[in-house]
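See below for the structure under consideration.
The numbers here are math on the coordinates, done by the rules we state, and not lab data. Given the structure is predicted, the values throughout are model-derived calculations rather than measurements. Positions of Cβ are backbone-derived with ideal geometry, glycine not excepted, and every protein chain shown enters the neighbour counts.
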Amino acid sequence: MRARSLSLAFISIDGDIVGKWHPEPPPVLMRPCIVIDSDNNMTYMIGYDSRGAIVFNFIQQSMCSANWASPIWTSLPYPGGGKKYHTQQCFLTSTKHFAVQFEGGIAVWDHWARTWTYRTIPCAMTYPNNAALVYQNKDNGVDDFLVHWQDSNGAHLTGVQLVNDNVNSCKELSTSYVY
Amino acid sequence: MRTDGGLASNHSSDIPKDMSLAASPVDGKTYFLFGSKGSGWYDIDSASAPSDKPVDTTSPFHTLPALNIDVPRAANFNGSIYIFGKVSFFLECHMVSQSIAKDKRNVHALRSRYLYLSLS
């Protein structure tokens with residue numbers, strides 16, 4: 001099944017995936033993460049350039065449209081503070097702000113205020129890890145996400161809650177569920 | 001149930017190690033882990049209001065087949081989770097269907113879609 005040498009062969013079984021492949025537009029970043037804010041018609045992208053410098057861009061577009069192949073990305077101030085960033089772990093908060101993980105917390109970009117805010121997560125975890133949003137409530141500004149990390153004892157899950165972009169709580173889950 | 005020989009309240013015997021990806025349909029009820037050594041999900045309970053306990057697991061780990069792909073990435077779309085990754089010179093796409101996300105009884109129903117794209 002890997003024998004096809006076509007430059008683009010496309011299989012859709014139930015019509016779940018339709019449309020053709022669009023090449024990734026420049027700039028090509030390493031360890032990238034992209035976030036789309038469809039409410040504000042914005043797309044953010046963070047990563048590292050070929051020289052290893054952190055890069056943070058946005059484009060006023062939230063769909064693949066005619067000019068997606070040659071978009072003009074605008075560079076934004078990158079997060080600083082001498083922190084070590086894990087750019088692949090980013091998400092859009094319920095307040096519609098871009099958030100990216102650093103070692104010990106998250107940095108939040110308020111695009112309209114043009115500010116980075118750094119929030120410490122007071123729970124032990126290792127880096128890099130895998131984080132995923134599990135719940136958002138726009139009405140009260142709640143974001144719950146889980147961090148999957150591991151140390152010499154094995155794998156762990158830690159839940160983190162933001163309220164209006166502030167870290168309200170974090171707690172490691174007990175996974176010794178008795179059944 | 002495996003115990004890893006420990007009695008600690010936070011022992012993590014049933015969480016797969018070396019997962020390369022985590023994803024959730026953001027319904028606050030399910031949390032997926034994917035990796036080349038195994039995949040699966042937890043049922044979870046997420047706080048919908050400010051709380052000292054953001055998330056809790058409410059089930060043991062349910063297994064799904066391993067995904068043997070490199071640099072996997074997840075995208076949520078219309079209630080499904082799509083996982084893209086590289087296999088040799090091809091881009092591969094797996095889909096965790098909406099029925100899996102909503103009704104997880106069929107643990108072997110992880111369906112795959114393959115996008116064959118030459119990366120050379």
| remark: Given a Förster distance of 22 Å, the FRET efficiency implied by the Cβ-Cβ spacing of A:Asn41 and A:Thr115, rounded to the nearest 0.05, works out to 0.60
| field | Distance in nm between pseudo-label sites at B:Ser48 and A:Asn166 (7 Å out along the Cβ direction from Cα) | value | 2.4
| message | Within a 10 angstrom radius of the beta carbon, how do A:Arg119, A:Arg114 rank from fewest other beta carbons to most? | response | A:Arg114, A:Arg119
| What spacing in nm lies between the two simple spin-label points modelled at A:Glu103 and A:Ile72, each 7 Å away from Cα in the Cβ direction? | 3.9
| remark: Simple SL model, points at 7 angstrom along Cα→Cβ for A:Asp151 and A:Tyr48; separation in nm is 2.5
| field | Relative contact order (%) - region A:84-179, alpha-carbon pairs under 8 angstrom, separation at least six | value | 20
| For the residues A:Ile34, A:Ile59, what sequence is obtained by ranking on other C-beta atoms within 10 Å, fewest first? | A:Ile34, A:Ile59
| note | Contour minus Cα-Cα span, A:Arg31 to A:Gln60, at 0.36 nm per residue, comes to 8.2 nm
| request: Quick one: order A:Val28, A:Val167, A:Val160 by neighbouring beta-carbon count within 10 Å, fewest to most. | output: A:Val28, A:Val167, A:Val160
